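Okay, structure first, notes after.
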Amino acid sequence: MSVQQYLEKHMLSRKIEDAVNAAVRAKTGDPVIFISHHMRKSVFSVITKIKARQILDSRGIPTVEVDLFTNKGMFRASVPSGDTTGMYEAVDLRDGDKGKFLGNSVTRAVKNINEKISEALIGMDPTLQYQIDHAMIDLDKTEKKGELGANAILAVSIAACKAGAAEKEVPLYKHIADISGETNLTLPVPAFTLISGGKHAGNHLAIQEIMILPIGASRFEEALQMGSETYHHLKAVITEKYGAHECNVGEDGGFAPNISSLKEGLDLLKEAIGRTGYNDRIKIAIDVAASDFCIGTKYDLEKKVPNKSEQNFKSAEDMIEMYKELCSEYPIVSIEDPFDKEDWEHVKHFYSLGICQVVGDDLLMSNPKRIQRAIQESTCNAVLLKVNQIGTVTEAIEVVRQAKEANMGVVTSHRCGETEDSFISDLSVGLATGQIKAGAPCRGERLAKYNQLLRIEEELGDQAAYAGQDWKVSS
């Protein structure tokens, strides 16, 4: 084939002429760079390669990382995981070989990506998120993604989303907003974990987290400052009261002093907030995770206390009275999972009192069927969105749409086993969830999310809107 025939076959003469004309019109000072960029943009981008590997999450447990390649470059994503998998959520695929990583290896999920998923997706347009996600769902053929693994499918879904944004030459949060139909880009109010308990810490505190919400900040940058300052004041309060040895942190970075009482933890936090001077500009949220200390129909708030002399169980009615008392004494505006994950009756009753935001995590598990039941029965007024519980970006978008159409709040959430991937930051802005829960203002895998939100706010400039006092309002 001659040079002329080659040029004609690929219509290169026309493309080169178009690029030169564009450079002339732009009066560029460096036509070679301009023409190179122009030609690159004219190339139709497709997925050309997908490569997965096993890495470790923030707990030292294996998880999945993916490199997805297109004509425009390489796009990397890694997925988090929780300490348990509920029966209504998508399931991670793990090897189960106790001789390697105590059975937690993910080489089967990695193999599924490198062989089955890769073969199905190569050649697809990365901007077509819905088609990509449903191609994987169809390939898996199970309700909870147990064949290929939710960890395999989600890693590729997120990587494809990043590639789609690059193809459109827009920021990731803007691409997510485009494919979801969201028009109000909003920086979320962060729920900073300051005290850890439950399964996330080795102390005696049964409830999982005590958090702060800087709803009085004017910008996310100020909210992060308020969270960091309160965190360090809390460290000083704990040191003064219990000694420096009680300043160890839990899995998500919150302090884990050896307290057994929720009220004791709230008093420590109240003192720290007072020292900052922010006072009413900071509110408190609690993740009770009550299923973890529910025994039958009773709740053992001293479950983690060793050598206790007697059982001191609380009924659901006792728990409601406790919540009412705490909300009147402390500036608590949100309580997550106040009862067992199957105790719909008492969650509904507590929500009906209108005391605070009631968030469903273990109750809902980001599952559309569970969310629909909560909507129909008026069980709670906020959904905790954990993307790995549902398994794809497309399905996460649909869950947020479902919640917002019912005027429910949405809290975008991390997991206890996290990576340095900051995807949920862009997701929370692009879907305007209004709230994000990403752990303490401490530890690299948590700060990756908060620091990305700083960058997004900077990039949006005067167009940046912080949820602030409207943190519960759905757009």
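The values are calculated or read from the model by the stated rules, or taken from the named source; none is laboratory data. All values reported here derive from a predicted model rather than from experimental measurement. FYI the Cβ positions are ideal-geometry reconstructions off the backbone, even for glycines, and counts take in every protein chain you see. Side chains are part of the model used for accessible areas, which takes the heavy atoms of the whole protein and leaves out ligands, DNA and RNA. Shrake-Rupley method; radii C 1.70, N 1.55, O 1.52, S 1.80 Å.
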Check your understanding: Excluding ligands and nucleic acids, what accessible area in Å² is computed for Ser218 using a 1.4 Å probe, to the nearest 10?
Key -> 90 Å²
**Study point:** Lys369 paired with Glu420, simple spin-label distance in nm, labels 7 Å along Cα-to-beta-carbon
**Key:** 4.0 nm
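Counting only protein heavy atoms, what percent of the accessible surface of region 92-140 is carbon or sulfur at a 1.4 Å probe?
53 percent
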Check your understanding: If ligands, DNA and RNA are left out, what is the accessible area of Arg59 with a 1.4 Å probe, given in Å² to the nearest 10?
Key -> 60 Å²
Review point. What percent does the relative contact order of the chain come to when contacts are Cα pairs within less than 8 Å and at least six residues apart?
Key: 18 percent
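Given a 1.4 Å probe and every protein chain left where it sits, what share in percent of the accessible area of region 281-371 is carbon and sulfur?
48 percent
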Check your understanding: How far is the Cα center of region 106-131 from the Cα center of region 275-348, in Å?
Key -> 42 Å
Exercise for review: Quote the FRET efficiency, to the nearest 0.05, computed for Lys100 versus Cys247 with a Förster distance R0 of 45 Å and r equal to the Cβ-Cβ distance.
Suggested key: 0.85
Study note, to complete from the structure: To the nearest 20 debye, region 192-294 has a Cα-centred charge dipole, built from +1 on Lys and Arg Cβ and -1 on Asp and Glu Cβ, of 160 debye
Review point. Along the charge dipole of region 350-475, which of Leu454, Gln376, Val399 sits closest to the positive end, that is, farthest toward it, with unit charges on the beta carbon of Lys, Arg, Asp and Glu (+1, +1, -1, -1)?
Key: Gln376
Point to revise | Beta bridges by DSSP in the chain, antiparallel share as percent, to the nearest 5 | key: 55 percent
Review point. If you line up the long axis of helix 31-41 against the longest principal axis of the chain, both from Cα atoms, how many degrees apart are they, to the nearest 10?
Key: 70 degrees
Exercise for review: Give me the accessible area per residue for region 343-475, probe 1.4 Å, as a whole number in Å².
Suggested key: 33 Å²
Exercise for review: Using 0.36 nm per residue of separation minus the Cα-Cα distance, give me the extension gain between Gln54 and Glu240 in nm, one decimal.
Suggested key: 62.7 nm
Check your understanding: Cα-based Rg (one decimal) and Dmax (whole number) for region 246-397, in Å?
Key -> 16.6, 51
Review point. Each label point is 7 Å from the Cα along the Cα-to-Cβ direction; what then is the distance between the points at Arg25 and Glu222, in nm?
Key: 4.4 nm
Review point. Can you give the accessible area per residue of region 145-300, in Å², using a 1.4 Å probe?
Key: 32 Å²
Exercise for review: Take the Cβ-Cβ distance between Lys298 and Glu405 as r, set R0 to 35 Å, and report the resulting FRET efficiency rounded to the nearest 0.05.
Suggested key: 0.45
